[in-house]
Amino acid sequence: MRLTDLRIPGREGVWSLRIEDGKIKTLKPAGHAPAPAGSLTAAPGEPAPASLSFDGALAFPGLINSHDHLDFNLFPALGHDRYTNYRRWGWDIHSKNAADIKAVLKVPQPLRILWGIYKNLLNGFTTVVNHGVPLNTNGAPITVFQQSHNLHSIGFEPNWRWKLNRPARQSWPYVLHVGEGTDEAAYREITNLLRWNLFKKPLIGIHGVAMTEEQAAGFRALVWCPASNYFLLDRTAPIQRLKTRIPIVFGTDSTLTAPWDCWSQIRLARKEQAATDEELFQMLTVTPAAVWGLTDRGMLAEGMLADLVIAKPGILPEDTAGPTTMDAFYDLTLDNILLVIHHGKVVLFDASLKETLQNANAIEGLFQQAGENGKYVPGDINGLMQRIKEYYPEVQFPID
């Protein structure tokens, strides 16, 4: 597959790339010498490889969501106040929203997991890190990363000291919510965790609202979830200070505490001005690839996995005037996404590309339009929504 007339956030000019065997084979500026003769020619009797021109649309690495609870994305946002820590929030919703929680949990977990996967795909994530017990995600159209030891938090994880310090066959990092609060208790939890990390296991913290620079030194990385933080606590982590001590990566959290539309969350993070546009972009791409050991993705470069997104913003960047490619990236919405490719295979496409992709035999298997939003995804997403409604009639789907 050859994709041309693309702009890449943070780079000048117009680019084209070629995908072969699931990887980016070539990435060249526009006007570069053409590929060797025959390299894009089909074998006798085979259809010609797809060649798509995108009129200056943006191309960027498939985004990496470093924190989600995949089976919690049918929940409405639950909360009645701004809390001082996550424990108070948990007690509050379980006392006031027990019926709402029970209604969602009636939906069989496999259906809830699949809906969480579709949420990430439709938002342009080609890799999502699930936090919680290992889930069966076989056949998912994107990568679901679960190669970590997951503890929920000091407050909600039984026997957390033993689980942290027990011998483990895998040298995976230990991932847990830390410092999710604005009070002294949230700060002390981090200190307690570090004191009990007797064997200096690699720690990746989530949220870190109460974290200090000194505490940050005890962690491999921090997952920043600003939308969830503001919803619960009306405050987020001090990223401007912490980023000088440890790598920061971006997470969306589930719809229990954050919007289904992840691009609004990304814009909220940008509005914080705690990181430059380039730093925030890296928190979604190359930095989490390094933190999670996924060094074959996270950037557009020759030899890397072909995990990428193409999106056409409302206002295209120009060479000498108008918005920059970074402005255009941060202004994107779900509607702007034209194409998502995972490991070299199309896993989402806009209705405007349907005929072209079909004629080029560039899509494999059953694809179905997701609701009425004009995006086609693998599998039976509309049937999934109908099955969910059978268990949870009150559900409100953002794409229905």
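Putting +1 on Lys and Arg Cβ atoms and -1 on Asp and Glu Cβ atoms, find which of 132, 393, 56 reaches farthest to the positive end of the dipole of the chain.
With unit charges placed on the Cβ atoms, the residue in question is 132.
Taking Cα pairs under 8 Å and at least six residues apart, what relative contact order does region 63-291 come out at, in percent?
24
Using the per-residue mean of other Cβ atoms lying within 10 Å as a proxy for protection, in what order, highest first, do the peptides 63-76, 343-356 fall?
63-76, 343-356
Please compute the contact order of the chain in relative form: average sequence separation of alpha-carbon pairs under 8 Å and at least six residues apart, divided by the residue count, as a percent.
Computed over the chain, the figure is 20 percent.
Multiply the residue separation of residue 192 and residue 95 by 0.36 nm, subtract the distance between their alpha-carbon atoms, and state the gained length in nm to one decimal.
32.1 nm
Could you compute the net charge surrounding residue 297? Neighbours are other residues with a C-beta less than 13 Å from the C-beta of residue 297; K and R count +1, D and E count -1.
-1
Points 7 angstrom from Cα along the Cβ direction at residue 372 and residue 268: gap in nanometres?
According to this spin-label approximation, the distance is 2.8 nm.
For the chain, what is the largest minus smallest coordinate of the Cα atoms on each principal axis, given in angstrom and ordered from greatest to least?
66, 49, 46
With 10 angstrom as the radius, rank 58, 27 by how many other C-beta atoms surround their C-beta, starting from the fewest.
In increasing order of surrounding Cβ atoms, one gets 27, 58.
Taking other Cβ within 10 Å of each residue's Cβ, how do 339, 242 sort, fewest first?
242, 339
Residue 102: which aspartates and glutamates have alpha carbons under 14 Å from its alpha carbon, excluding same-chain residues fewer than 8 sequence positions away?
Leaving aside aspartates and glutamates fewer than 8 places away in the same chain, those within reach of residue 102 are 71, 394.
Let's see if you can work this out: charge +1 on each Lys and Arg Cβ, -1 on each Asp and Glu Cβ, no other charges. What is the dipole magnitude of region 120-229 about its Cα centre, in debye to the nearest 20?
580
With a point put 7 Å past each Cα toward its Cβ, work out how far residue 212 is from residue 11 in nm, to one decimal.
4.3
With the dipole of the chain worked out from charges on the C-beta (+1 for Lys and Arg, -1 for Asp and Glu) around the Cα centre, which of 266, 22, 229 lies farthest toward the positive end?
229
Which value, in debye to the nearest 20, gives the size of the charge dipole of region 205-286 about its Cα centre, when Lys and Arg are +1 and Asp and Glu are -1 at the Cβ?
Charge dipole, region 205-286, about its Cα centre: 80 debye, nearest 20.
Go through 96/119; 119/312; 96/200; 25/312; 106/271 and tell me which ones have a Cα-Cα distance over 30 Å in this structure.
Beyond 30 Å: 96/200; 106/271.
Between 21, 253, 296, which gets the highest mean-square fluctuation from a Gaussian network model of the chain, Cα cutoff 10 Å?
Of 21, 253, 296, the most mobile in the Gaussian network model is 21.
Using the number of other C-beta atoms within 10 angstrom as an exposure proxy, rank 390, 213 with the fewest first.
With the sparsest Cβ surroundings first, the list reads 390, 213.
Could you give the dipole magnitude of the chain about its Cα centre, charging the beta-carbon of Lys and Arg +1 and that of Asp and Glu -1, in debye to the nearest 20?
In debye, rounded to 20, the chain gives about 1400.
None of the figures in this text is laboratory data; all of them are computed from the coordinates on show. Fair warning: this is a prediction, and the values are worked out from it, not measured in the lab. Positions of Cβ are backbone-derived with ideal geometry, glycine not excepted, and every protein chain shown enters the neighbour counts.
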